[in-house]
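Working notes for the structure below.
The values are calculated or read from the model by the stated rules, or taken from the named source; none is laboratory data. Everything quoted here is computed from the prediction, not taken from an experiment. Glycine gets a Cβ as well: all are built from the backbone with ideal geometry, and neighbour counts include every protein chain shown.
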Amino acid sequence: MPGREAIPKISNWGRWGKEDEKGTANFITPEVIAAAAKLVKKGKVMCCCIPIDQVGPVFPTRTPAQRFMSILNVPVKEVGMQGSAIANDDYITMYLQGSTQWDSLAHVGYENKFYNDTPTSAVTAHGGAARNDIGKLYQSFVTRGVLLDMVRYKGCEKEGHLPKDYPITVADLDGCAQAQKVEVKSGDALCIRTGWVPYWYTLKTHDEKEAYFHAQPGVSVYTAEWIQKKEISCIAVDNIAVERLPSEIDGEFIPFHQVAIRDLGLSLGEIFIFEELAKDCAADGVYEFLWVAPPLYIPHAVGSPLNPLAIK
């Protein structure tokens, strides 16, 4: 069935009130956070982001980050200050979604609406997002994290990644959780390992890198109802678009984004890396952890980089 008619018809609009701008982050209650903190047993911290540099995978519509030195080994006396100190400063220009990042609830919509019946007029060129911006979530995503290691579950460790354009199904999600003896609960951050981001760093030619963005493993659009039922607070995937590319639905480029962000209010996280975490989980058999991954506090922005930490 082509077009929008094939996209799952589900919604969380009004679930937390007409004025809500946090969406499924509301599932992260104080009780969920307190329980997640108790998961820390050995004090091991694992970072799940890529470096912010010019060599990582950046979607073709965006350009890599640029870092500049604004002052270089400058004696403070030269800028009107006393003393013998010297100083360095630098700055960066980048797409807010040009590295490991969260999508805000104003990032993708359809039929002139974003999450919770917000009109497209709420996002303007100069003002940014007046509603559903990433700044509303700056204290969110401290919760229980669960890693579903699809690479290991599907027997793809030798390749290091799932097959290109593989759609992760509900059966895959349930089967992986069962195999890992972990239960997905309300408020969880669902972390899914596809191996697609680390695969990028093995590519050598321009043609290989060009093809990389056109076909990738990711979640099927038909997992949306499962995600709603499980009351997942956010989803983070080590690929470029969370969902499988190319689209499973004719005529719709990113259908999972549409139903997840616009209809469910689900924050999507892209370009994560889970290799160290997956290795640790396989070693001790524990696939749950404290997940600390708030976006930067950037009012009116529609996305944000972050430094996500899994703590066990």
ARG262, sole failed condition from (1) more than 16 Å from GLN139 (Cα to Cα); (2) touching a strand residue (DSSP E or B) at 6+ places or on another chain (Cβ under 7 Å); (3) surrounded by fewer than 24 Cβ atoms within 10 Å (Cβ to Cβ); (4) at pLDDT 95 or above
(3)
On the given criteria, is ARG193 at pLDDT 95 or above, out of contact with any Phe, Trp or Tyr (no Cβ under 6 Å at 6 or more places or on another chain), closer than 27 Å to VAL55 by Cα and among the basic types (Lys, Arg)?
no
Condition test on LYS209, is it assigned to a helix (DSSP H, G or I) and more than 18 Å from SER11 (Cβ to Cβ)?
yes
Taking region 42-64 on its own, how many of its residues are basic (Lys, Arg) and either under 23 Å from ALA211 (Cα atoms) or surrounded by 12 or more Cβ atoms within 10 Å (Cβ to Cβ) (or both)?
2
Scope region 288-304; condition farther than 12 Å from TYR138 by Cα and either buried (at least 24 other Cβ atoms within 10 Å of the Cβ) or of a type in the set (Lys, Arg) (or both); matching residues
PHE289, TRP291
Test of understanding: among GLY285, GLY195, which residue is in contact with a Lys or Arg (Cβ under 9 Å, 6 or more places away or on another chain), touching a residue at least 12 places away in the same chain (Cβ under 8 Å) and either buried (at least 20 other Cβ atoms within 10 Å of the Cβ) or not basic (Lys, Arg) (or both)?
GLY285
In the list ALA224, ALA177, ALA171, which residue meets the criterion of being under 18 Å from the mean Cα position of the chain (by Cα) and either at pLDDT 95 or above or surrounded by 20 or more Cβ atoms within 10 Å (Cβ to Cβ) (or both)?
ALA224
At least 1 residues that are closer than 30 Å to LYS204 by Cα and of a type in the set (Lys, Arg) in each: list the strands (runs of 3 or more DSSP E) lying fully within region 19-101 that qualify.
66-75
Search region 290-307 for residues that are touching a residue at least 60 places away in the same chain (Cβ under 8 Å) and pair each with any residue that is among the basic types (Lys, Arg) when their beta-carbon atoms are under 9 Å apart and the residues are at least 6 apart or on different chains.
LEU290/LYS38; LEU290/ARG144; LEU290/LYS312; TRP291/ARG144; PRO299/LYS136
Residue check, CYS191 against (1) part of a helix (DSSP H, G or I); (2) under 18 Å from PHE274 (Cα atoms); (3) not β-branched (Val, Ile, Thr), all met but one. Which one?
(1)
Of the residues in region 2-36, how many are more than 21 Å from HIS107 (Cα to Cα), touching a residue at least 40 places away in the same chain (Cβ under 8 Å) and exposed (fewer than 14 other Cβ atoms within 10 Å of the Cβ)?
2
Out of (1) closer than 24 Å to TRP196 by Cα; (2) exposed (fewer than 15 other Cβ atoms within 10 Å of the Cβ); (3) of a type in the set (Ser, Thr, Tyr), the one THR100 does not meet is (2)
